[in-house]
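Data first, discussion second: the structure below is written as structure tokens.
The values are calculated or read from the model by the stated rules, or taken from the named source; none is laboratory data. Quick caveat: nothing in here was measured; it's all calculated off a predicted structure. Here the Cβ is made from the backbone with ideal geometry for all residues, glycine too, and neighbour counts use every protein chain on show.
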Amino acid sequence: QSLRQVFEAVLCLRDFPSEIVEKQVKPEVEINAHYKDDKDIQKKTKHLCLNDVVLARNEKEKCLIETSINSVRISFKFKTNDDMDVFIADRFCKFFAVRAEIFEILRKKPVEGYDVSFLITNTHLEKFDKAKLIDFLIEFVENVEKDINEIKLNIITQTRVAASFFVNELAGN
Amino acid sequence: MVMGNDQNRAILDGCWSPVRNKFCFGTGSYKVYIGYVDPDNQWWVAELLCRKKFSSSVLSVQYHPSGNAIAAGSSDGTIRIYTSYIHEVDKDLKSPYSGPLADVNTRGDELFRIDANSWVESISFSPSGTFAMATAHNGNVVEFNIQGTEITANEEAIIWDKLPFRTGVVLDDNTFLAAGYDMRPTLFKREGGKWKFSKDYKKEGKDTEKRQSVVQSNLSMFERGKKAPESTKKVKVGHSVPIISVQRAAEKGLFYSVDSHGNFFAWPI
């Protein structure tokens, strides 16, 4: 898949001490995005980040990839057809975000306009196997869509059952 | 070692001069320094190579085989070659090198600059001093030709469409070895003026008894009576993490490759 190719190309990270702050290592992609309006800092870090890539299947389903020399930020937006979907996706992703520390690569707050964000740095790549990391990301995206649909179906059947009981009670008595 | 200057960022790469009387290093504070023994005071001194700064961290530095020039590549995408003759140390030196740039006697003159458009991860000069290869993050390898005092560059000497190279070493006038995020050392040979892909050093499942994985050795503990299965003796040869450095070995016909997990392999050329 094209997603896999892009991930493989993008996850070529190396350790890089921060140029702005002494003796510290910061994910350059976060600094670049955070200080988007600060021209001074942008001048110093712009060259360390590459252009953003957006892979979009359609307006509603996209994947944003921002890369830099030592970190990559991957954000996904899932397909949501109606209000119920939006609600479910929101709660589902917040569930993950709260447990982001266990995932290690998950970002606690998704990037604006997206549902889920991952921040992968070179330390993560040294700990985890790169191919397996990419497999995990792709599986995650596929499973989340399936899960959201399942949850929606569950809700619909539950409400249908509850509504039928309620109506029966009203009609029966 | 005394560093009497306002250096406040990490040292990112260093290189000894081929004549071993001085060394240079590149820092995260956008500068390149040369260190040498001050003959008057007999202590190590580090001096700025030249006043002009790069606009980003210096990721790689390399000495020209003559000891008189330094090539530096940085994360702002530029590769610059400066002269580096230190009067106090080099004036009485007789080095066996004879080739381009042997009689340069200035310091800090910019001989050449090129913009590679992506972070320059490594530079390597050929042993004869006639050319250099620099690997950049966009997958291309830039070749510099040094003839006399003229330096020309071929920006797309090798266009590599797979994952970028992190390190490279020129083995002789016609062979170049590069390795990086593909986790496999790759050999290029020059034929008829153009560089062509020659060999990929792939993983081979050779039988060696150097290292047993922890799980296998624990398992064999429980199977004491049985014969150890052959698979416990095979060691995975090859890197599973990006290769950080490739070096010519002291023994002929070998080169070493190291990755960020500390795995160290020797390969035959």
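Which of the residues that make up the range A:120-135 are in a helix (DSSP H, G or I) and surrounded by 15 or more Cβ atoms within 10 Å (Cβ to Cβ)?
Once the filter is applied, which keeps residues that are in a helix (DSSP H, G or I) and surrounded by 15 or more Cβ atoms within 10 Å (Cβ to Cβ), the range A:120-135 yields A:ASN122, A:THR123, A:HIS124, A:LEU125, A:GLU126, A:LYS130, A:LEU133, A:ILE134.
Which number in (1) out of contact with any Phe, Trp or Tyr (no Cβ under 7 Å at 6 or more places or on another chain); (2) surrounded by 13 or more Cβ atoms within 10 Å (Cβ to Cβ) marks the one condition that A:GLU169 misses?
Exception for A:GLU169: condition (2).
Would you mind stating whether A:VAL111 is buried (at least 18 other Cβ atoms within 10 Å of the Cβ), more than 14 Å from chain B (Cβ to nearest Cβ) and of a type in the set (Val, Ile, Thr)?
When the stated conditions are applied, A:VAL111 passes them.
With the condition being over 20 Å from B:LEU111 (Cα atoms), I'd like the strands (runs of 3 or more DSSP E) fully within the range B:18-68 carrying at least 3 qualifying residues.
Result: B:32-38, B:43-48.
Filter the range B:46-62 down to residues that are more than 22 Å from B:PHE125 (Cβ to Cβ) and within 14 Å of chain A (Cβ to nearest Cβ) and give me whichever is surrounded by the most Cβ atoms within 10 Å (Cβ to Cβ).
B:SER56
For the condition surrounded by 12 or more Cβ atoms within 10 Å (Cβ to Cβ) and closer than 22 Å to B:SER29 by Cβ, what is the one hit in A:ILE65, A:ILE74, A:ILE31?
A:ILE31
Mind listing whichever residues of the range A:48-78 are farther than 22 Å from B:SER55 by Cβ, over 12 Å from the mean Cα position of the chain (by Cα) and hydrophobic (A, V, I, L, M, F, W, C)?
Passing the criteria: A:VAL53, A:VAL54, A:LEU55, A:ALA56.
So which pairs qualify, if the first residue must be in the range A:120-132 and of a type in the set (Ser, Thr, Tyr), the second must be part of a loop (DSSP other than H, G, I, E, B) and surrounded by fewer than 21 Cβ atoms within 10 Å (Cβ to Cβ), the Cβ gap must be under 8 Å, and the two must be at least 6 apart or on different chains?
A:THR123/A:ASP15
Tell me the residue from A:LYS39, A:LYS46, A:LYS94 that is at pLDDT 85 or above and surrounded by fewer than 20 Cβ atoms within 10 Å (Cβ to Cβ), please.
Answer to the check: A:LYS94.
Tell me, yes or no, whether the range A:104-119 has at least one residue that is outside any loop (DSSP other than H, G, I, E, B) and modelled with pLDDT under 85.
No, the range A:104-119 contains no residue that is outside any loop (DSSP other than H, G, I, E, B) and modelled with pLDDT under 85.
What do you reckon, is A:LYS23 more than 14 Å from chain B (Cβ to nearest Cβ) and out of contact with any helix residue (DSSP H, G or I) (no Cβ under 8 Å at 6 or more places or on another chain)?
no
What's the number of the only condition in (1) more than 14 Å from every other protein chain (Cβ to nearest Cβ); (2) in contact with a helix residue (DSSP H, G or I) (Cβ under 9 Å, 6 or more places away or on another chain) that B:SER75 fails to meet?
Going through the list (1) more than 14 Å from every other protein chain (Cβ to nearest Cβ); (2) in contact with a helix residue (DSSP H, G or I) (Cβ under 9 Å, 6 or more places away or on another chain), B:SER75 breaks only (1).
If only one of B:TYR30, B:TYR82 is touching a Cys at 6+ places or on another chain (Cβ under 8 Å) and touching a residue at least 12 places away in the same chain (Cβ under 8 Å), which one is it?
B:TYR82
Only one of (1) surrounded by fewer than 21 Cβ atoms within 10 Å (Cβ to Cβ); (2) closer than 28 Å to B:ASN140 by Cβ; (3) within 14 Å of another protein chain (Cβ to nearest Cβ) is not met by B:TRP16, so which one is it?
The one condition B:TRP16 does not meet is (3).
Given the conditions (1) under 22 Å from B:PHE255 (Cα atoms); (2) more than 14 Å from chain A (Cβ to nearest Cβ), and given that B:ILE151 satisfies all but one, which numbered condition is not satisfied?
(1)
In this structure, does B:GLU121 turn out to be in contact with a His (Cβ under 8 Å, 6 or more places away or on another chain), more than 30 Å from B:ASP38 (Cα to Cα) and not in a loop (DSSP other than H, G, I, E, B)?
Here the answer is yes, as B:GLU121 does meet what is asked.
Can you find even one residue in the range B:97-108 that is assigned to a strand (DSSP E or B) and more than 14 Å from chain A (Cβ to nearest Cβ)?
Yes, the range B:97-108 contains at least one residue that is assigned to a strand (DSSP E or B) and more than 14 Å from chain A (Cβ to nearest Cβ).
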